[in-house]
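Q: If you scroll down you'll find the structure; I have some questions about it.
Please treat every number below as a calculation from the coordinates, not as lab data. As the structure is a computational prediction, the values presented were derived from the model and not from experiment. Quick reminder, even Gly has a Cβ in these numbers, built from the backbone with ideal geometry, and neighbours come from all protein chains shown.
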Amino acid sequence: METPLKNLAVVGAGAMGSGIAALFASKGLQVVLIDPVEGALLRALAVIERQLTVYAPDGIRQALARIRTSPDLQAAAGSELVIEAVPEKLELKRDIFSRLDAICGPRTLFATNTSGLSINAIASAVSRRDRFVGTHFFTPADVIPLVEVVRNDDTSPETVDRVMAALRFAGKRPVLVRRDIPGFIANRIQHALAREAISLLEKGVASAEDIDEVVKWSLGIRLALSGPLEQRDMNGIDVHYAIASYLYKDLENRQEPSALLKQKVESGQIGAKSGQGFYTWSPERRERVLREKSAALAELAEWLQRKAG
C-alpha cells in the first residue's frame with residue numbers, strides 16, 4: 001500500500017500515545033512523540049520497546065530509530081498529521097489544539113484520541129474544523145485493529161479519507177462514526193454490557209469471576225466472528241423480539257452509576273493500578289496479565305484479519 005503520509009506527531013506519551021507512536025513507527029513512518037511531563041518520554045520508550053517485541057520483534061531497533069521525542073509542542077510543526085492522546089479532560093485537549101492551530105501549517109490534519117468527549121467541543125478550539133476528526137483507539141492502541149473515526153459537524157470528506165487511509169496503512173480497520181454522540185459506538189455498547197454485569201454482581205447473582213467467565217466463553221467468542229446485529233439475523237429477529245418482550249423490562253436501566261461502582265471509586269479500589277478492584281492485583285500479576293493479553297490479542301487479531309481478508 002502506498003504511504004498516505006510520511007510523518008506524524010503524537011501528543012501525550014501515556015499508554016495510548018506510546019502505542020500509537022509504536023504502531024506508526026513500526027510501519028516505517030517518522031514519528032515525534034511529545035510530552036512535557038518529566039520522565040514521561042523515557043517511560044514511553046520502554047513501553048514502546050516492550051510492545052514492539054509482541055508484534056514486530058525483528059524491527060525493534062529500526063522502529064525506535066524512527067521515533068524522536070520532545071517536551072515541546074513546537075516539535076509538531078511540519079507534521080502531516082497530529083494525533084493528540086492526553087488525558088480525558090476537555091479543557092486540556094482544547095488548550096493543546098488551540099496552540100497546535102498556531103504552530104502547524106494549514107495542511108496539517110488534527111485528530112483527537114478520546115473515548116467519548118464531544119469532537120465538536122474539542123474542534124471548536126481550532127480555526128480549521130474541516131481538517132479535524134476524532135480517532136478513538138482501543139487499548140493496546142498498537143494491537144487492537146479497530147479505530148472509530150468520528151466527524152465533527154464541519155469535517156471534510158477529504159479529511160476523513162486521508163485519516164482513514166493512514167489508519168489502513170498502519171494495519172487498522174477504521175470505521176466512520178457519522179454523528180458526534182457521547183461514547184460513539186463501542187463505549188455505548190461496552191458500558192451497556194458493563195452496567196448489566198455490575199448489576200448482576202451487586203445483586204449477588206454470581207461472582208465477578210463467573211460473570212467474566214460467562215462473557216469470555218460464550219459472548220466473547222461469538223462476538224469475535226459475528227457482531228450483535230448480524231447475530232440477531234442469524235438467530236432470527238422474531239426470536240430476539242420474543243425474548244426482548246419479556247426481558248427488557250428486567251434489565252438494568254439506571255441513569256446513574258451503581259452504588260457498588262461509586263463505593264469502589266470512593267474507597268480507592270479502582271482496579272489493577274491501585275491493587276484492588278473487582279479482583280485483587282499485585283504489581284507482578286498486573287504486569288504478567290498485560291504482557292500475556294497483549295501477545296494473545298495480537299495473535300487473535302492477526303487470525304481474525306486473515307479470516308476477514
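Q: I'd like the FRET efficiency for residue 37 and residue 284, computed as 1/(1 + (r/R0)^6) with the beta carbon distance as r and R0 of 22 Å, rounded to 0.05.
A: Using R0 = 22 Å, I get an efficiency of 0.25.
Q: Now a separate question. Be a star and scan the stretch 19-39 for residues whose amide nitrogen sits under 15 Å from the point 7 Å along the Cα-to-Cβ vector of residue 65.
A: Answer for this model: 25-31.
Q: Given a Förster radius of 51 Å and the C-beta distance between residue 242 and residue 74 as r, what FRET efficiency does 1/(1 + (r/R0)^6) yield to the nearest 0.05?
A: FRET efficiency, residue 242 to residue 74: 0.25.
Q: Order the peptides 77-83, 92-98, 285-291 from the highest to the lowest mean number of other Cβ atoms within 10 Å of their residues.
A: Details: 77-83: 21.1, 92-98: 18.0, 285-291: 13.6.
Ranked by mean Cβ neighbours within 10 Å, highest first: 77-83, 92-98, 285-291.
Q: Add -39500 (n - 2.57) for each DSSP H run of 4 or more in the chain, then divide by its residues: what number comes out at 222 nm, to the nearest 500 deg cm²/dmol?
A: -14500 deg cm²/dmol
Q: May I ask you to order 181-194, 239-252 by the average number of other C-beta atoms within 10 Å around their residues, highest value first?
A: The peptides rank, most packed first, as 181-194, 239-252.
Q: Could I ask something else about it? Show me the trypsin sites (Lys or Arg not before Pro) within the stretch 104-144 that DSSP assigns to loop and that have at most 13 other Cβ atoms within 10 Å of their Cβ.
A: For trypsin sites (Lys or Arg not before Pro) across the stretch 104-144 that sit outside H, G, I, E and B with at most 13 neighbouring Cβ atoms in 10 Å, the list reads 107.
Q: Right, something else. For a Förster distance of 35 Å, can you work out the FRET efficiency between the beta-carbons of residue 188 and residue 225, rounded to the nearest 0.05?
A: Using R0 = 35 Å, I get an efficiency of 0.95.
Q: Related question: Output the pairs from 93/172; 89/172; 172/249; 216/273; 6/273 with a Cα-Cα distance over 28 Å in this structure; if there are none, say none. Could you put the intermediate results ahead of the total?
A: Working: 93/172 24 Å; 89/172 26 Å; 172/249 38 Å; 216/273 22 Å; 6/273 36 Å.
From 93/172; 89/172; 172/249; 216/273; 6/273, over 28 Å: 172/249; 6/273.
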